[in-house]
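Structure, as structure tokens:
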Amino acid sequence: MKGGSVIIYNNHVQKMITKIPDGTLVRGSDSAVFLIEHGKKRPVMDSASFYFYKLMAKKIIPLEDMLLRLYPLGEGVTASGPWAKCAPATVFVKGGGSGIFLWMDNCLFPIQTGEVFRRLRCQMDEIVHVPDSLIHSLPVGHSINASFFLQYPVLNGRLYSSTSGHIYYGERRTLRKVEGPLVFSYFQWSVDQLIYLTHNEFIKSPIGKPVLS
């Protein structure tokens with residue numbers, strides 16, 4: 001291959017592997033399930049780990065083997081390994097107490113109130129129950145409170161609606177615009193998941209590349 005062709009090919013591959021948002025479960029033509037994160041496919045190692053992390057079969061999307069092969073293999077998702085290495089990059093967790101945390105960016109973010117929890121459109125069946133010893137061993141970040149979106153970038157893995165009605169997906173603390181209803185449907189998203197941002201919250205949020213079909 002000539003140098004120019006290599007650059008074009010690499011750019012094409014990079015565009016293809018940023019097409020699938022972080023946090024998406026995919027499956028090719030066989031039974032293996034992968035979690036897409038940071039441009040890699042992370043194999044879910046067994047059914048026990050799948051259910052431990054509250055992953056959902058209805059959220060798995062089919063992916064052509066050709067496209068799946070473009071993703072480099074990442075660390076396996078397993079319930080039996082070190083948390084920071086083996087857990088999904090974004091997940092809600094709870095120890096033995098009443099506190100609920102969002103694990104994101106290798107840090108626990110305490111959710112301050114039930115009202116905030118509901119605003120994040122989190123469901124109880126999303127929460128991963130872990131030992132208190134694990135909670136105490138992980139770094140803790142700032143609280144997610146009522147004014148969170150005015151102070152910090154958006155949370156990963158959630159769906160957002162702007163005041164203009166456009167829908168966005170939170171990835172790597174940016175908003176990725178969802179380009180049309182077909183894209184929304186393809187990723188098995190639901191309007192029940194939408195977090196409605198105020199105008200001031202929206203303008204504080206960095207904008208990333210759109211999610212395309």
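The values are calculated or read from the model by the stated rules, or taken from the named source; none is laboratory data. Given the structure is predicted, the values throughout are model-derived calculations rather than measurements. Note that each Cβ is placed from the backbone with ideal geometry, even for glycine, and that neighbours are counted across all protein chains shown. For accessibility, only protein heavy atoms count, side chains too; no ligands or nucleic acids. Shrake-Rupley method; radii C 1.70, N 1.55, O 1.52, S 1.80 Å.
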Report the extension gain between Leu150 and Val191 in nm, rounded to one decimal, defined as 0.36 nm multiplied by the number of residues separating them, less their alpha carbon distance.
12.5 nm
In whole Å, what are the Cα extents of the stretch 37-127 along the three principal axes, biggest one first?
45, 26, 23
Reachable lysines from Lys177, criterion Cα separation under 17 angstrom, eight or more residues apart if same chain
Lys15, Lys19, Lys204, Lys209
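Using the heavy atoms of the protein chains and a 1.4 angstrom probe, tell me the accessible area per residue for the stretch 81-199 in square angstrom.
48
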Given unit charges at Cβ for Lys, Arg (+) and Asp, Glu (-), the dipole magnitude of the chain about its Cα centre in debye, nearest 20, is 480
To the nearest 0.05, what FRET efficiency results for Lys54 and Ser29 with a Förster distance of 30 Å applied to their C-beta separation?
0.70
Roughly what % of DSSP beta bridges within the chain run antiparallel, to the nearest 5?
65
In nm, to one decimal, how far is the Ser143 label point from the Met124 one, both placed 7 Å along Cα→Cβ?
2.3
Taking amide hydrogens as modeled 1.01 Å from N in the peptide plane, which residues meet the under 5 Å criterion relative to Lys177, leaving out close sequence neighbours?
Tyr169, Gly208, Val211
Could you name the lysines in cross-link range of Lys85, using Cα to Cα under 20 Å and dropping any fewer than eight places away on the same chain?
Lys40, Lys41, Lys54, Lys94
Student exercise, the stretch 80-204 dipole from Lys, Arg, Asp, Glu Cβ charges, in Debye to nearest 20:
220
Sites matching trypsin sites (Lys or Arg not before Pro) across the stretch 26-114 that sit in DSSP coil, with at most 13 neighbouring C-beta atoms within 10 Å
none
Sequence-separation-based contact order of the chain, relative, with Cα cut under 8 Å and 6+ spacing, percent
16
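Placing +1 at every Lys and Arg Cβ and -1 at every Asp and Glu Cβ, with all other atoms neutral, what dipole size does the stretch 51-144 have around its Cα centre, in debye to the nearest 20? Kindly include the intermediate steps, with their values, before the conclusion.
On the way: 9 positive and 8 negative charges, 40 e Å.
So the dipole magnitude of the stretch 51-144 works out to roughly 200 debye.
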Ignoring ligands, DNA and RNA, please state the percent of accessible area on the stretch 95-162 from carbon and sulfur, probe 1.4 Å.
53
